[in-house]
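Peer 1: Can you read through this structure? Questions will come right after.
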Amino acid sequence: MTSSVAAAAPSPAPALSPALSPKVVAPPPQKAADRKVVAAAADEVPNEMHVLAVDDSSVDRAVIAKILRSSKYRVTTVESATRALELLCLGLVPNVNMIITDYWMPGMTGYELLKRVKESSKLKEIPVVIMSSENVPNRISRCLEEGAEDFLLKPVRPSDVSRLCSRIR
Amino acid sequence: MAAALTSQLHALVNNMFATGLLDDQFQQLQMLQDFSAPDFVSEVVTLFCDDGERIIGELARELDKPNVDFDRVDSFAHQLKGSSASVGAQKVKNTCIQFREFCQQRSRDGCLKTLDLVRTEFYDLRNKFQAMLQLEQQIQACYPKH
């Protein structure tokens with residue numbers, strides 16, 4: 001990738017990251033927004049870790065997906081626990097190495113999703129991580145008791161995820 | 001030309017941090033942007049703006065009803081609080097926290113006043129985000145793509 005911009009770009013002010021300086025982009029950009037689930041992905045790399053991220057918020061889905069992709073995970077995002085279970089049970093998301101889910105969602109909650117996963121002989125080995133914007137000790141311990149791998153407070157940061165993933169790998 | 005625009009952009013964003021409109025979470029998002037996702041920040045910001053507009057509409061609708069369902073209002077305020085927090089929209093997030101307190105108190109008046117405040121703050125932020133994205137585009141237009 002050549003960047004004829006590098007010499008010309010002014011150095012950013014301290015509060016600003018290089019992200020807001022001009023960039024020349026060579027490779028095609030990857031969308032931060034949801035990726036549709038494709039049952040048979042032609043470019044699927046068998047050894048790559050695959051995370052299923054569940055959140056009803058489009059903003060949070062975009063953020064968690066980017067954080068995970070920056071850590072070299074393949075990510076599939078869904079907007080509900082029901083949809084997540086559907087995909088898992090129908091085998092439409094093969095080789096999921098981790099599920100990361102919001103706690104509070106309309107319809108089925110992340111906690112209910114956790115329980116269903118742990119009750120399923122097919123799915124119970126998949127580590128499940130719960131995310132929540134609320135720091136409720138009862139909630140956290142209930143999730144951990146139910147078999148959650150970890151509990152992350154939102155907003156989630158890259159450092160939270162890398163700490164997590166180093167344990168799951 | 002690019003230098004002047006870049007200074008403008010820096011001044012705008014620095015001001016947003018300095019006035020408490022944005023917090024550290026926004027910096028986290030800026031740092032996540034890279035060559036594989038060069039539009040990440042603008043995409044998340046756009047999602048936030050669309051989502052925020054939708055939720056504010058819902059809040060207004062709910063509070064307009066003769067019998068206000070405060071649990072529903074609270075759930076919308078919670079959603080907006082969540083997406084504000086994720087994008088680093090500190091001021092809007094804090095107002096949402098206030099909002100939820102009025103929901104707990106079942107205070108229609110309190111909720112309405114706070115809705116006004118959140119609406120003003122949200123639109124102010126949205127305008128600044130739009131200015132920021134526009135400046136970025138103008139800067140990028142100064143440099144020919146390969």
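The values are calculated or read from the model by the stated rules, or taken from the named source; none is laboratory data. Since the structure is predicted, the reported quantities are computational estimates derived from the model, not experimental observations. Positions of Cβ are backbone-derived with ideal geometry, glycine not excepted, and every protein chain shown enters the neighbour counts.
Peer 1: Looking only at residues that are among the hydrophobic types (A, V, I, L, M, F, W, C) and without any contact (Cβ under 8 Å) to a residue 24 or more places away in the chain in the stretch A:51-104, which one is nearest to A:ASP160 (Cα to Cα)?
Peer 2: In the first step, residues of the stretch A:51-104 are kept if they are among the hydrophobic types (A, V, I, L, M, F, W, C); the result is A:51-54, A:59, A:62-65, A:67-68, A:75, A:78, A:81, A:84-85, A:87-90, A:92-93, A:96, A:98-100, A:104.
Narrowing the set further to residues that are without any contact (Cβ under 8 Å) to a residue 24 or more places away in the chain leaves A:59, A:90.
Numbers: A:VAL59: 18, A:LEU90: 30 Å.
Among residues in the stretch A:51-104 that are among the hydrophobic types (A, V, I, L, M, F, W, C) and without any contact (Cβ under 8 Å) to a residue 24 or more places away in the chain, the one nearest to A:ASP160 (Cα to Cα) is A:VAL59.
Peer 1: Among all residue pairs at least 6 apart or on different chains, which show Cβ distances below 6 Å where the first residue, located in the stretch B:41-70, is closer than 15 Å to B:LEU22 by Cα and the second is of a type in the set (Phe, Trp, Tyr)?
Peer 2: B:VAL45/B:PHE129
Peer 1: Quick check: is even one residue across the stretch A:126-142 touching a helix residue (DSSP H, G or I) at 6+ places or on another chain (Cβ under 8 Å), loosely packed, with under 15 Cβ neighbours inside 10 Å and modelled with pLDDT of 95 or more?
Peer 2: Checking the stretch A:126-142: not a single residue is touching a helix residue (DSSP H, G or I) at 6+ places or on another chain (Cβ under 8 Å), loosely packed, with under 15 Cβ neighbours inside 10 Å and modelled with pLDDT of 95 or more.
Peer 1: Among the residues of the stretch A:115-129, is there at least one that is touching a Phe, Trp or Tyr at 6+ places or on another chain (Cβ under 8 Å) and farther than 19 Å from A:GLU79 by Cα? Working first, answer last.
Peer 2: At the first step, the residues of the stretch A:115-129 found to be touching a Phe, Trp or Tyr at 6+ places or on another chain (Cβ under 8 Å) are A:129.
Add one more test, that the residue is farther than 19 Å from A:GLU79 by Cα, and what stays is none.
No; the residues of the stretch A:115-129 include none that is touching a Phe, Trp or Tyr at 6+ places or on another chain (Cβ under 8 Å) and farther than 19 Å from A:GLU79 by Cα.
Peer 1: How about the stretch A:52-72: which of its residues are touching an Asp or Glu at 6+ places or on another chain (Cβ under 7 Å) and either of a type outside the set (Ser, Thr, Tyr) or more than 14 Å from every other protein chain (Cβ to nearest Cβ) (or both)?
Peer 2: Listed by number, the residues that qualify are A:VAL54, A:ASP55, A:ASP56, A:VAL59, A:ASP60, A:ARG61, A:ALA62, A:ILE64.
Peer 1: Let me ask something else about it. Does B:SER75 count as surrounded by 16 or more Cβ atoms within 10 Å (Cβ to Cβ), under 29 Å from B:GLN8 (Cβ atoms) and hydroxyl-bearing (Ser, Thr, Tyr)?
Peer 2: Numbers: surrounded by 16 or more Cβ atoms within 10 Å (Cβ to Cβ): yes; under 29 Å from B:GLN8 (Cβ atoms): no; hydroxyl-bearing (Ser, Thr, Tyr): yes.
No.
Peer 1: A further question follows. Among what's in the stretch B:78-117 and is among the β-branched types (Val, Ile, Thr) and closer than 22 Å to A:PRO106 by Cβ, pick the residue that is surrounded by the fewest Cβ atoms within 10 Å (Cβ to Cβ).
Peer 2: Selected residue: B:ILE97.
Peer 1: Going through the stretch B:18-57 one residue at a time, which ones are hydrophobic (A, V, I, L, M, F, W, C) and over 13 Å from the mean Cα position of the chain (by Cα)? Don't jump to the end; show me each part of the working.
Peer 2: We begin by selecting, within the stretch B:18-57, every residue hydrophobic (A, V, I, L, M, F, W, C); these are B:18, B:21-22, B:26, B:29, B:31-32, B:35, B:37, B:40-41, B:44-45, B:47-49, B:55-56.
Correct list: B:ALA18, B:LEU29, B:MET31, B:LEU32, B:PHE35, B:ALA37, B:PHE40.
Peer 1: Yes or no: B:VAL87 touching a Phe, Trp or Tyr at 6+ places or on another chain (Cβ under 6 Å) and under 24 Å from B:MET16 (Cα atoms)? I'd like the intermediate steps shown before the answer.
Peer 2: Working: touching a Phe, Trp or Tyr at 6+ places or on another chain (Cβ under 6 Å): yes; under 24 Å from B:MET16 (Cα atoms): yes.
Here the answer is yes, as B:VAL87 does meet what is asked.
Conditions (1) surrounded by 19 or more Cβ atoms within 10 Å (Cβ to Cβ); (2) at positive phi; (3) over 11 Å from the mean Cα position of the chain (by Cα); (4) modelled with pLDDT under 90, marked per residue:
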| position | (1), (2), (3), (4) |
| --- | --- |
| A:SER21 | yes, no, yes, yes |
| A:ALA26 | no, no, yes, yes |
| A:LYS36 | no, no, yes, yes |
| A:ALA53 | yes, no, no, no |
| A:ASP60 | yes, no, no, no |
| A:THR76 | yes, no, no, no |
| A:GLY91 | no, yes, yes, no |
| A:PRO94 | no, no, yes, yes |
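Peer 1: Let me ask another. Any idea how many residues of the stretch B:35-46 are at the interface with another protein chain (Cβ under 7 Å from one of its Cβ atoms) and either surrounded by fewer than 19 Cβ atoms within 10 Å (Cβ to Cβ) or within 21 Å of A:ARG74 (Cβ to Cβ) (or both)? Outline the logic, then answer.
Peer 2: First, pick out the residues of the stretch B:35-46 that are at the interface with another protein chain (Cβ under 7 Å from one of its Cβ atoms): B:35-41, B:43-44.
From what's left, either surrounded by fewer than 19 Cβ atoms within 10 Å (Cβ to Cβ) or within 21 Å of A:ARG74 (Cβ to Cβ) (or both): B:35-40, B:43-44.
Qualifying residue count, the stretch B:35-46: 8.
Peer 1: With respect to A:VAL75, determine if the residue is within 15 Å of B:ASP51 (Cβ to Cβ), in contact with a helix residue (DSSP H, G or I) (Cβ under 6 Å, 6 or more places away or on another chain), among the β-branched types (Val, Ile, Thr) and within 14 Å of chain B (Cβ to nearest Cβ).
Peer 2: On the way: within 15 Å of B:ASP51 (Cβ to Cβ): no; in contact with a helix residue (DSSP H, G or I) (Cβ under 6 Å, 6 or more places away or on another chain): yes; among the β-branched types (Val, Ile, Thr): yes; within 14 Å of chain B (Cβ to nearest Cβ): yes.
It is false that A:VAL75 is within 15 Å of B:ASP51 (Cβ to Cβ), in contact with a helix residue (DSSP H, G or I) (Cβ under 6 Å, 6 or more places away or on another chain), among the β-branched types (Val, Ile, Thr) and within 14 Å of chain B (Cβ to nearest Cβ).
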